[in-house]
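Presented below is the structure to which this report refers.
The numbers here are math on the coordinates, done by the rules we state, and not lab data. Please read all numbers here as calculations on a predicted model, not as lab measurements. No Cβ is skipped: glycine too gets one built from the backbone with ideal geometry, and neighbour counts run over all protein chains shown.
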Amino acid sequence: MTKNISIEKRCPYCAELIKNEAVVCKHCGRSLNKGKSADIRGSKNPICPVDGGEMKKSKEGKSNGMAIIIFIIGLLFSLSGIGLIIGIPIIIWSIHLATKRRGLWVCKFCGHQVERKIGLWELG
């Protein structure tokens, strides 16, 4: 008695036949990983939900035009004698806003981005 080994399965989204090893359905393009957080090859990076490719860490600076306006307001407060106590914290806050960064996971193949928590050691 021989075992019938299936080399194909059905996509859970479009019901087309695909290979058992498939990470992405070739018919509908959806990821078949169902929330796996690591690539099949054993990498610690997550896999892309769009095409199943490995994702890499990236950082993106948030350009904030409002930080410049807040800096100018803080500068005006600090130049006046009465607003020095208010002006310095406003200037510090504006510098914080101008240098704020966010972490991203970026797919190496399709460029899809997913936000991630950025570690304190990654700032700067």
Quick calc: nm separation of the 7 Å Cα→Cβ label points for L32 and E16 -> 1.2 nm
Residue by residue, what Karplus-based ³J(HN,Hα) values in Hz, rounded to whole numbers, does region 45-56 have, using 6.51, -1.76 and 1.60 with θ = phi - 60° and x for Gly and Pro? 6, x, 9, 5, x, 8, 10, x, x, 6, 9, 10
